[in-house]
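The values are calculated or read from the model by the stated rules, or taken from the named source; none is laboratory data. Note that this is a predicted model, so its numbers are computed, not measured. Protein only, heavy atoms only, side chains kept; ligands, DNA and RNA dropped before computing areas. Shrake-Rupley method; radii C 1.70, N 1.55, O 1.52, S 1.80 Å.
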Amino acid sequence: MYSFEVSSVKKLHPEEVMHGIYLWILHADKIPPHIGISKNGLYFSLKVTGKDEHFPVEKLIRLLNRKKIASLVIKTSENSIRFKRLSDVFDNYQSVENDGHTCLTPISEIYFSEPKDLILSELLNLLNEAGVMEEIYGIHLPESYRGILFYE
């Protein structure tokens with residue numbers, strides 16, 4: 001059962017993700033997946049071991065390819081985020097274990113101006129309903145991939 005279904009996934013071409021805003025859903029075929037965000041070729045992510053900030057998307061793509069990590073990459077519209085600089089939000093967080101934060105906490109703040117207690121499918125459904133999702137790309141997804149699996 002899926003909590004967020006995708007009907008059409010395009011093949012990712014690295015040059016396409018160097019400009020614009022993208023959600024990166026790593027291990028998209030696992031429960032729970034991990035989420036990060038990039039803007040204009042720089043990736044940000046909150047992790048158990050700390051955070052990625054200003055991490056070049058080219059390096060992220062090489063890592064995903066080397067480890068064959070199933071991932072969804074969702075382009076969102078330029079006006080979908082509430083902060084010009086992603087680092088302004090990520091500077092407020094140290095790791096996912098700090099105060100019960102998850103990898104989704106800073107991303108929900110980026111899209112909604114304040115952190116929301118959401119799971120990934122809720123965020124994706126809200127963004128989809130708001131009409132800010134422009135394209136969905138895939139890397140190393142299984143042939144049978146249909147979306148984010150249901151979890152609580």
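Considering the range 32-66, the residues that are open to solvent by 50 Å² or more (accessible area, probe 1.4 Å) and of a type in the set (A, V, I, L, M) include one that is modelled with the lowest pLDDT, namely VAL48.
Quick check, is LYS67 of a type outside the set (Ser, Thr, Tyr) and over 20 Å from GLY147 (Cα atoms)? Yes; evaluated as a whole, the condition is true for this residue.
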